[in-house]
Amino acid sequence: MLSFFRINDPYRLLGLLILFLLISLPILLFNPGLTWPELSSFIVGEKINDGLSPYSELIDSTPLLSQWMYGMINWLSGRSLGLRHSIGFVILFFQACYIGFIFINRKAFTENTYIPSLLFCLLCATSFDVLSVTGTLLASGLLLLAINSLFREIEFREPNDASLIKSGVYLSLASLAVFSYIIFFIAAQVILVLFTRSSARRQILFIAGFLLPHTLLFSYYFLWGEHVALIEFFYKANLFADERVFISWQTLLMISAVPITYFLISFLTLSSAIRLTNYQTQLLQTMFIWLIAGIIHLFFTRSLRPQSLLPLFPPLSFLLAHFLLSIHRRKLAEINLWILGIGIIISAYVVRNNYFNNIGYKNLLVEQRAISLKDKDLWIIGDDYSAYLANRPATGFSEWELAKGIIEHPEYYENILMINSQLSINRPEIIIDPNNLLTAFFVHLPQWKKLYKKEGDTYTLIQNNGSK
């Protein structure tokens, strides 16, 4: 298999597509279920398509580009999980192809090869969650564009201001898909300082390229008088909100044990095993810095899950490809590739089927419960959003960590106005309020109180004069 992809022939990508499909087929056919981030993408996408304005009406900290993507995916596929995973498969395949093109065009190896693309596809088999269509998938593609621009800077060594600004813009757009990817902007600055002729003026240009999309976003919200919502529910929420851990670190280490082992082997042997040009050595060091940034990112991501490993796959593919190409006996290199691939698949199978205690996806998957409510416009005042599986979210409160800062403080007039505004967006047919938080607001909003009948922790709409 290694010899097949070692040849620089674009038709080899057809073989890669078939191989990636075979690897992904069990995931596509026997997916264990919906994950919490995917349920969140359902809710956000539906509210975007309903016309809600991000942050001012849709109270959610999801970065803007991800919200727009969720709206588009919801328009294309609705809530079909199989279709969404198929879209994720296609996106990852194109990313794998693009990785191969980058390394070939930039002469990153001693020979032109699609082995990095092959390794990227194998790494994508670490977990079914990698195929999820979330902001991470979009942001990782933007990081690849940034890597290509950085390689161009290192390769040509002459000042290319346009390329430098593009690098900053790509990294900025990545942070507007996954905010914690700002870490890669810092890594890119380190790379530019170490491996390019980066004067103070060019550093300022790079920073300006990064700030441009954020400046345009803030300016738009400022012109419409909604900049306070942008700061509160996007920037502040992403900077200071707690990390949500969907899987344990033991699980994360288990699914990545085989790639980690091969990375350590390659790290110990690469310096003496191959001879590289000064330029190729710098690319190797660049990818190592990128890998360190990806590892640091795991400690700052808002959502720790298997797909959080995706930014690590391009540098790992690069480093492991160097290792395989450094093995002079091709049969031995082939054996190592098979061990790597089979090891990844076995690790993924073991974790998915809960063979060990404290290792698995229990906290990542949405628990399927017996829900009596179906096809209702629902508002859940709490952190258990599982009822949205069979119902539609009525209000723009799609993230409890942000909503509770409003709902738990009825003493503030602006919070009362916010609740009134949210109820006016789409009048809920059912409101689930297990902690009885809405009662204090209804004291100030009697026009809403008279529309609902309360039984236990549930409000039911009894009067509906006018459209929702």
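Data for the structure
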quantity	calculated
Residue match in segment 377-399 (condition: surrounded by fewer than 20 Cβ atoms within 10 Å (Cβ to Cβ), among the hydrophobic types (A, V, I, L, M, F, W, C) and over 24 Å from Thr134 (Cβ atoms))	no
Single residue of segment 319-360 satisfying the filter (β-branched (Val, Ile, Thr) and buried (at least 18 other Cβ atoms within 10 Å of the Cβ)) that is farthest from Ile247 (Cα to Cα)	Ile327
Condition check for Leu52: touching a His at 6+ places or on another chain (Cβ under 6 Å), of a type outside the set (Gly, Ala, Ser) and in contact (Cβ under 8 Å) with a residue 24 or more places away in the chain	no
Check on Gln285, in the same structural domain as Glu334 (by TED's automatic domain parsing), closer than 30 Å to Ser149 by Cβ and under 27 Å from the mean Cα position of the chain (by Cα)	yes
Selection from segment 20-37 of residues that are within 12 Å of Phe89 (Cα to Cα) and at pLDDT 90 or above	Phe20, Leu21, Leu22, Ile23, Ser24, Leu25
Residue in segment 367-378 that is under 29 Å from the mean Cα position of the chain (by Cα) and not in a loop (DSSP other than H, G, I, E, B) present	yes
Hey, Phe206 over 23 Å from Tyr11 (Cα atoms) and surrounded by fewer than 19 Cβ atoms within 10 Å (Cβ to Cβ) or not	no
Qualifying residue in segment 292-312 (condition: in a helix (DSSP H, G or I), among the polar types (S, T, N, Q) and either out of contact with any helix residue (DSSP H, G or I) (no Cβ under 6 Å at 6 or more places or on another chain) or closer than 16 Å to Met1 by Cα (or both))	yes
Odd one out for Phe109 among (1) in a loop (DSSP other than H, G, I, E, B); (2) among the hydrophobic types (A, V, I, L, M, F, W, C); (3) within 14 Å of the chain's Cα centre (by Cα)	(3)
Boolean, Gly343 is part of a loop (DSSP other than H, G, I, E, B) and in contact (Cβ under 8 Å) with a residue 12 or more places away in the chain	no
Boolean, Ile295 is within 18 Å of Val130 (Cβ to Cβ), assigned by TED's automatic domain parsing to the domain that holds Ile183 and free of Cβ contacts under 8 Å to residues at least 60 places away in the same chain	yes
Search result, residues across segment 377-426 that are without any contact (Cβ under 8 Å) to a residue 24 or more places away in the chain and among the basic types (Lys, Arg)	Lys404
Unmet requirement for Gly51, which otherwise passes all of (1) modelled with pLDDT of 90 or more; (2) surrounded by 13 or more Cβ atoms within 10 Å (Cβ to Cβ); (3) more than 16 Å from Ala96 (Cβ to Cβ)	(2)
Residue ranges of helices (runs of 4 or more DSSP H) in segment 144-258 with at least 3 members under 19 Å from the mean Cα position of the chain (by Cα) and farther than 27 Å from Ser317 by Cβ	236-240
Candidates Phe222, Phe233, Phe240, Phe218 - the one that is under 27 Å from Glu57 (Cβ atoms), hydrophobic (A, V, I, L, M, F, W, C) and touching a Phe, Trp or Tyr at 6+ places or on another chain (Cβ under 8 Å)	Phe233
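To keep it simple, each residue is scored yes or no on (1) buried (at least 24 other Cβ atoms within 10 Å of the Cβ); (2) in contact with a Leu (Cβ under 9 Å, 6 or more places away or on another chain); (3) not aliphatic (A, V, I, L, M).
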| residue | (1), (2), (3) |
| --- | --- |
| Gly100 | yes, yes, yes |
| Arg152 | no, no, yes |
| Ala162 | no, no, no |
| Val169 | no, yes, no |
| Phe184 | yes, yes, yes |
| Ala188 | yes, yes, no |
| Val193 | no, no, no |
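The values are calculated or read from the model by the stated rules, or taken from the named source; none is laboratory data. Just so we're clear, the structure is a prediction, and the values are computed from it rather than from any experiment. For neighbour counting, all protein chains shown are included, and Cβ atoms are generated from backbone atoms with ideal geometry for every residue, glycine included.
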